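Where a number appears in this text, it was derived from the coordinates with a stated rule and is not lab data. Bear in mind the structure is a predicted one, so any value in this text is a computation, not a measurement. Heads up, the Cβs are rebuilt from the backbone with ideal geometry, glycines too, and the neighbour counts pull from every protein chain shown.
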Amino acid sequence: DGGITQSPKYLFRKEGQNVTLSCEQNLNHDAMYWYRQDPGQGLRLIYYSQIVNDFQKGDIAEGYSVSREKKESFPLTVTSAQKNPTAFYLCASGRGVNTEAFFGQGTRLTVV
Amino acid sequence: AQSVTQLGSHVSVSEGALVLLRCNYSSSVPPYLFWYVQYPNQGLQLLLKYTTGATLVKGINGFEAEFKKSETSFHLTKPSAHMSDAAEYFCAVSELAKLTFGTGTRLTIIP
């Protein structure tokens, strides 16, 4: 099946720890995105990548880091610098400029 | 910079009634516009998209949207609501590589 796989679905971490969220796609898409979703705030763009080994900051990149070493993979690290990391994180991919994005099922991160 | 405003964070309609969800956008270039639906604890699913050409766009599940450049609007409609339409709906605008979403509208269907 073609699609976007995010893992794990639920993640619990202690405050002050870094955590990495996985995102893999087998759609052969060039572009990949990470969004954060909080109640009442919609989706906010964290990072996006149009091509392997290149990525750009979105609107709320502080406290997050990404890598794009392979076309299929775009992992997101939530660092201890992120002040309020508890949220629902969505990964997406697309064919590129001005095209729709296809979403994974999300990872719900809870920091305790 | 582009932006999207969705009027009404919550909308309730009776089953069988018209659904109207409002979206206004701001973009410095000709916009590419999208509507997505999200069910609880899931990712987003594309309902429909406007790129160029026909301003009335038909999507899945009986939804459609009309692009009105003069009003900078892209409202989503469905003639007759069904219980299965209860979900959260997001409007989005694409400007080059960046896809920006509105804050969403939660649609409730009253039996």
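Residue by residue through B:90-100, how many Cβ atoms from other chains fall within 10 Å of the Cβ on average?
Details: counts 3, 1, 4, 1, 6, 2, 4, 10, 8, 13, 6.
The per-residue average across the peptide is 5.
At what distance in nm do the modelled label points of B:LEU56 and B:SER28 sit from each other, each positioned 7 Å from its Cα along Cα→Cβ?
Calculated label separation equals 3.5 nm.
Among B:TYR50, B:TYR89, B:TYR39, which one moves the most in a GNM of chain B with springs linking Cα atoms closer than 10 Å?
With Cα springs under 10 Å in chain B, the top fluctuation among B:TYR50, B:TYR89, B:TYR39 is at B:TYR39.
Given Cβ point charges of +1 (Lys, Arg) and -1 (Asp, Glu) and nothing else, what value in debye, to the nearest 20, does the dipole of the range A:42-103 about its Cα centre take? If you can, show how the numbers build up before the last one.
On the way: 7 positive and 6 negative charges, 6 e Å.
So the magnitude is around 20 debye.
Relative to 2.2 N^0.38 Å, what does the C-alpha radius of gyration of the protein assembly as shown come to as a ratio? Two decimals please. Could you put the intermediate results ahead of the total?
Values: Rg = 17.4 Å, N = 223, 2.2 N^0.38 = 17.2 Å.
Its radius of gyration relative to the 2.2 N^0.38 Å reference: 1.02.
Find the Rg to Rh ratio for the range A:72-112, where Rh is the Kirkwood radius over alpha-carbon pairs and Rg uses the same atoms. Write down the numbers at each step before the final one.
Values: Rg = 12.8 Å, Rh = 12.1 Å.
Here Rg/Rh amounts to 1.05.
Using only the alpha-carbon atoms, what does chain B span along each of its principal axes? Please give whole angstrom values in decreasing order.
42, 29, 21
Report, in whole Å, the centroid distance computed from the Cα atoms of the range A:71-94 and the range B:5-60.
Taking the Cα centre of the range B:5-60 as reference, the centre of the range A:71-94 is 25 Å away.
Which three extents, in angstrom, do the Cα atoms of the range A:12-97 have along their principal axes, listed largest first?
That works out to 35, 27, 20 Å along the principal axes.
Picking from A:GLY16, A:ALA101, A:TRP34, whose Cα lies most toward the positive end of the charge dipole for the range A:5-112 (charges on Cβ: Lys, Arg +1; Asp, Glu -1)?
Working it through, the farthest residue towards the positive pole turns out to be A:GLY16.
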